[in-house]
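Reading through the structure tokens given below for one structure.
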């Protein structure tokens, strides 16, 4: 069977035609997502021996989950806005065409996959202020508001309330709660890259202090986050979701077979 690259032309800053043409030259069949397409259903129905996704981190995670279910290798083609998973894999986030080499001369690496209520994620799940920002950004985007991100930031800045949760039965109040698939490098104001993707651990991060001067970090293989509400706003790999509580997190160690381009001289 041939491989298949699913392309989301609405991701990132464009360039889908160039990527599709490059895939055609490389002999990689493609499926260009159209309005109404369900990326998970497309991946499940594909008659392919390798599944690839060109899109943002959210669509990458969805197809990666299908690849695991079908026992197939997965190819990441960075084509979103931030491409965090591609960065942590060591790919050039600004060169999606170069990632196509994984289909023909790629080497396989195994990495972990996170799940929340069985929904796969590659990077992290955020609750609290950042999740609110993502939901507001999407709301304004649907209204075709050109200043969506600015308006979302202003709205979130007005929110002073902490999210009230329980983690494995212990109460927790915080503005931001982040559950990540493997550990991030942290600085005072943000999370950075992940040194490895095969640690086999989730990390729970909670910023402490008025200016997030420190981060509380807990490592585990599974955890439960609950709330008094039946649903929680979340950002899963940067995509807005409403999740039913309680939220059951787990990590599937080395579950994802990823093909990455072979480095010259390797």
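Derivation of every value follows stated rules applied to the coordinates shown; laboratory data play no part. This is a predicted model, so every value here is computed, not measured. Glycine gets a Cβ as well: all are built from the backbone with ideal geometry, and neighbour counts include every protein chain shown.
Quick one: 76, 220, fewest Cβ neighbours within 10 Å first, how do they rank? Write down the numbers at each step before the final one.
Details: 76 27, 220 15.
Ranked by crowding around the Cβ, least crowded first: 220, 76.
Using R₀ = 35 Å, calculate the FRET efficiency as 1/(1 + (r/R₀)^6) where r is the Cβ-Cβ separation of residue 219 and residue 69; round to 0.05.
So the FRET efficiency works out to roughly 0.85.
For residue 118 and residue 95 in one chain, what is 0.36 nm times their gap in residues minus the Cα-Cα distance, to one decimal in nm?
Details: separation 23, 0.36 × 23 = 8.28 nm, distance 3.15 nm.
Extending this stretch completely gives an extra 5.1 nm.
Please arrange 225, 68 by counting, for each residue, the other beta carbons lying within 10 Å of its beta carbon, fewest first. Provide the component values of the computation, followed by the final result.
Values: 225 24, 68 17.
Sorted ascending by nearby Cβ count, the order is 68, 225.
Given points 7 Å out from each Cα along the Cα-Cβ axis, report the residue 239 to residue 198 separation in nanometres with one decimal.
Roughly 2.7 nm, to one decimal.
Sort 126, 227, 219 by Cβ crowding within 10 Å, fewest neighbours at the top.
On the way: 126 24, 227 17, 219 12.
Result, fewest neighbours first: 219, 227, 126.
Normalise the Debye intensity by I(0) for the stretch 4-105, one equal point scatterer per Cα, no solvent, then take log10 at q = 0.18, 0.22 Å⁻¹ and round to two decimals.
Values, matching the q order: -0.76, -1.20.
Could you give the length gained by full extension between residue 262 and residue 226, i.e. 0.36 nm per residue of separation minus their alpha carbon distance, to one decimal place?
Working: separation 36, 0.36 × 36 = 12.96 nm, distance 4.30 nm.
That works out to 8.7 nm of additional length.
If I stretch the segment between residue 18 and residue 109 completely, what's the gain in nm (0.36 nm per residue apart, minus their alpha carbon distance), one decimal?
30.0 nm
Just the number, please: percent antiparallel of the DSSP beta bridges in the stretch 24-128, rounded to the nearest 5.
Details: 3 of 8 bridges.
Of the beta bridges lying entirely in the stretch 24-128, close to 40 percent run antiparallel.
How far apart, in nm, are two points set 7 Å out from the Cα along the Cα-to-Cβ line at residue 168 and at residue 10?
It is 4.0 nm.
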